[in-house]
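Each remark here refers to the structure printed beneath this line.
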Amino acid sequence: MKLVFAGTPEVAVPALDALISSGRHEVAAVVTRPDAPAGRGRRLVASPVAERAEEAGIEVLKPARPRDEDFLARLREIAPDCCPVVAYGALLPKTALDIPARGWVNLHFSLLPAWRGAAPVQHAVMAGDEVTGASTFLIEEGLDSGPVYGVLTEEVRPTDTSGDLLTRLAFAGSGLLAATMDGIEDGTLHAVPQPEEGVTLAPKITVEDAQVQWSAPALRVDRVVRGCTPAPGAWTLFRGERLKLIQAVPVLDRADLAPGELSASKNHVYVGTGSHAVELLWVQPQGKKPMRAADWARGVRIAPGELIGV
């Protein structure tokens, strides 16, 4: 088939690579979000998908909005058979959805209908799911509601951050998307409607969502820290400034600290929660680089009984 691939972040690159190297289909063009400011100088930088496409000599389309007529006209000129999508980052209007003969097929990082929305992996980690996966489905106008072509499953490991899990799913899912394109092309794969029960939503995780509540049980604190790593980053307040929490682990044999109460020794930093304590391993003070929590605690000289999160 002639394909136009739509995607933007690094997590979409493995799928683009799989389609380019498959030898069976032609990636005629790539659709991605416009260049965005990055770094201290706020210089405009192309998306990882755009950079990979340019390396491969593939035409790159960067519409400000996918309903822009210039973009739609170019898409009609290319006349793709199918448009595979991975984390493109913009809603596609019906005028765009109607152009490819075999539609737009999305690789979504959950077992649909669970975790429909922008942040399925983060929500799976924060909810304590033991198993998640990826699905390929035909895009409709609803939110991740289209019929499903294929799925794969992936164990959520006890120490997984959302970044760890998403990386594994991106590489495993690249094979699923390539196989889905093959099955659509040869007629052996047919989309099956999603069940009506089991629908859960996964909206974007906000900075406010990532604030740790120390009155919650230690297990919940652990899930929030892992689910919000690397983005947007779990955080709390310490002496009126934000402290980013990069790694923390529950400590089952310590329950002598009140919620938010700090206890620091030479090599350990503990915080009380609504159940047992958690140990902070890596933190990042405001305006500084990540550091070991014990080094941070020595620098700030934590007072006995001092509280975090207030």
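The values are calculated or read from the model by the stated rules, or taken from the named source; none is laboratory data. Only a predicted model underlies this, so the values are computations on that prediction, with no experimental measurement involved. Cβ placement follows ideal geometry from the backbone for every residue including glycine, while neighbour counts extend to all protein chains displayed. Surface accessibility is based on the protein's heavy atoms, side chains included, excluding ligands, DNA and RNA. Shrake-Rupley method; radii C 1.70, N 1.55, O 1.52, S 1.80 Å.
Could we say that ALA255 is surrounded by 15 or more Cβ atoms within 10 Å (Cβ to Cβ), assigned to a loop (DSSP other than H, G, I, E, B), on the phi < 0 side of the Ramachandran plot and of a type in the set (A, V, I, L, M) here? When the stated conditions are applied, ALA255 does not pass them. Screening GLU279 on (1) assigned to a strand (DSSP E or B); (2) acidic (Asp, Glu); (3) open to solvent by 50 Å² or more (accessible area, probe 1.4 Å) shows it passes everything except condition (3).
Reported count of residues in the range 201-245, each being open to solvent by 50 Å² or more (accessible area, probe 1.4 Å) and among the β-branched types (Val, Ile, Thr), is 2. Just wondering, is there one or more residues in the range 159-181 that are within 19 Å of THR200 (Cα to Cα), touching a Pro at 6+ places or on another chain (Cβ under 6 Å), of a type in the set (S, T, N, Q) and at pLDDT 95 or above? Within the range 159-181 (the criterion being within 19 Å of THR200 (Cα to Cα), touching a Pro at 6+ places or on another chain (Cβ under 6 Å), of a type in the set (S, T, N, Q) and at pLDDT 95 or above), the answer is no, since none of the residues qualifies. Here the range 168-185 is the region considered, the condition is being more than 13 Å from THR153 (Cβ to Cβ) and of a type in the set (A, V, I, L, M, F, W, C), and the residue that is surrounded by the most Cβ atoms within 10 Å (Cβ to Cβ) is LEU177.
Pairing residues of the range 20-37 that are part of a strand (DSSP E or B) with residues that are loosely packed, with under 12 Cβ neighbours inside 10 Å, at Cβ distances under 7 Å and at least 6 apart in sequence or on separate chains, gives ALA36/LEU44; PRO37/ARG43; PRO37/LEU44.
What residue, among those in the range 65-80 that are in a loop (DSSP other than H, G, I, E, B) and not charged (D, E, K, R), is most open to solvent (accessible area, probe 1.4 Å)?
My answer is ALA79.
Annotation note: Cβ proximity below 6 Å between a residue of the range 207-229 that is under 17 Å from GLN247 (Cβ atoms) and a residue that is modelled with pLDDT of 95 or more and open to solvent by 60 Å² or more (accessible area, probe 1.4 Å) (sequence gap 6+ or interchain) occurs for TRP214/PRO259.
Checking the range 172-190 against the condition returns no match, with no residue being at negative phi, β-branched (Val, Ile, Thr), touching a residue at least 24 places away in the same chain (Cβ under 8 Å) and part of a loop (DSSP other than H, G, I, E, B). Of all the residues in the range 93-108, those that are without any contact (Cβ under 8 Å) to a residue 60 or more places away in the chain and surrounded by 15 or more Cβ atoms within 10 Å (Cβ to Cβ) number 6.
Counting only residues that are open to solvent by less than 50 Å² (accessible area, probe 1.4 Å) and either closer than 18 Å to MET1 by Cα or more than 23 Å from the chain's Cα centre (by Cα) (or both), the range 23-52 holds 6 of them. Here the range 258-276 is the region considered, the condition is being under 30 Å from the mean Cα position of the chain (by Cα) and part of a strand (DSSP E or B), and the residue that is farthest from ARG220 (Cα to Cα) is VAL269.
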